[in-house]
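The structure under discussion appears below in the form of structure tokens.
The values are calculated or read from the model by the stated rules, or taken from the named source; none is laboratory data. Computed from a predicted model, the values in this text were never measured in an experiment. Because the Cβ atoms are built from the backbone with ideal geometry, glycine has one as well, and the counts that use them run over all protein chains shown. For the accessible areas, the whole protein counts, side chains as well, though only heavy atoms, and no ligand, DNA or RNA atoms are used. Shrake-Rupley method; radii C 1.70, N 1.55, O 1.52, S 1.80 Å.
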Amino acid sequence: MDLEQHITPPNPKDEVLRKIGRNLLIFQQIEGLLKMILGNSQVQGYARELTINKEQRISGMQKDMLGQLIQQYFDEIFSGSDEEPQGPVDLTEPWLSCSFKITVDATFVKNQLKAFETMREERNRLVHHFFPYWQPNSPENLILASDNLDKQREKILPVWEQVWYDGDFFH
């Protein structure tokens, strides 16, 4: 890339840092939305235990890694199973069960899984592998980093839009 063909912002270092922050926030939003969706997607139990069961489910996934959340999302939300959770055989009080699933064709699921895996790889690339490329004293490298961060954003936005759309169901 020719340096003169690219319009450099007034402070390229600040612009790269802004884009790093922007992308990290998108990744955090995706992760938070996945936890919110999964935490609310399967709730069951006796009426008096429902709130506790839901809180325990949400609490249990707070330390899960992004890859685990993606796997759980596809296993639970896009599962082809129409099975309803079964309550206890000897009911002593009301038993409630609620689940959230999305029914789509296999091609859609395959494409979504690929997009989510790309997003996970991009997140890992930014969080774990960006530092060696951070060269704040090189205008050329700052331009490359800025361009790469913009390309990364374009790759991850479809996943952000999907989980935002799915999460909107719970609001």
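Using the Karplus curve 6.51 cos²θ - 1.76 cosθ + 1.60 with θ = phi - 60°, what ³J(HN,Hα) values do you get for each residue of the range 155-163, in whole Hz, with x for Gly and Pro?
So the Karplus estimates, Gly and Pro as x, are 5, 9, 4, x, 5, 4, 5, 5, 6 Hz.
In µm²/s, what is D for the range 51-140 at 20 °C and 1.002 mPa s, where D = kT/(6 pi eta Rh) by Stokes-Einstein and Rh is the Kirkwood radius from Cα pairs? Before the final figure, lay out each step's value.
Numbers: Rh = 17.0 Å.
Diffusion coefficient, whole number: 126 µm²/s.
Are there any GluC sites (Glu not before Pro) in the range 56-152 that are in a DSSP loop and have at most 13 other Cβ atoms within 10 Å? List them by number.
Working: sites: E76, E83, E117, E121, E122, E140; in loops: E83.
Sparse-neighbourhood loop GluC sites (Glu not before Pro): E83.
Say the dipole of the chain comes from +1 at the beta carbon of Lys and Arg and -1 at that of Asp and Glu; which of L91, A115, G45 then lies farthest toward its positive end?
Result: A115.
Can you return the lysines within cross-link range of K151? Criterion is Cα-Cα under 24 Å, with same-chain partners fewer than 8 residues away left out.
Output for K151: K13, K19, K110, K114.
If I take R0 = 30 Å and measure r between the Cβ atoms of E117 and S59 in this structure, what FRET efficiency does the formula 1/(1 + (r/R0)^6) give, to the nearest 0.05? Before the final figure, lay out each step's value.
Working: r = 27 Å, r/R0 = 0.89.
Efficiency, from the Cβ-Cβ distance: 0.65.
Can you check what the Kirkwood hydrodynamic radius comes to for the chain, Cα pairs only, in Å to one decimal?
This gives a value of 18.6 Å.
Per residue, what accessible area does the chain have, given a 1.4 Å probe and all protein chains present, in Å²? Let's see the in-between values first.
Details: 11040 Å² over 171 residues.
It amounts to 65 Å² per residue over the chain.
Net charge around L25, counting only other residues with Cβ within less than 12 Å of its Cβ (Lys, Arg = +1; Asp, Glu = -1)? Walk me through the intermediate numbers first.
Working: positive: R18, K19, R22, R123, R153; negative: E31.
Within the 12 Å Cβ shell, the charges total +4.
So between F130 and R22, what do we pick up on full extension, going 0.36 nm a residue minus the alpha carbon distance? Provide the component values of the computation, followed by the final result.
Numbers: separation 108, 0.36 × 108 = 38.88 nm, distance 1.45 nm.
Contour length minus Cα-Cα distance gives 37.4 nm.
One quarter of the convex hull surface, Cα atoms only: what value does that give for the range 105-157 in nm²? Could you put the intermediate results ahead of the total?
Values: hull surface 15.4 nm².
Approximately 3.8 nm², given one-decimal rounding.
Given an 8 Å cut-off on Cα distances and at least 6 residues of separation, report the relative contact order of the chain as a percent.
On the way: 142 pairs, mean separation 59.3, N = 171.
About 35 percent, as a whole number.
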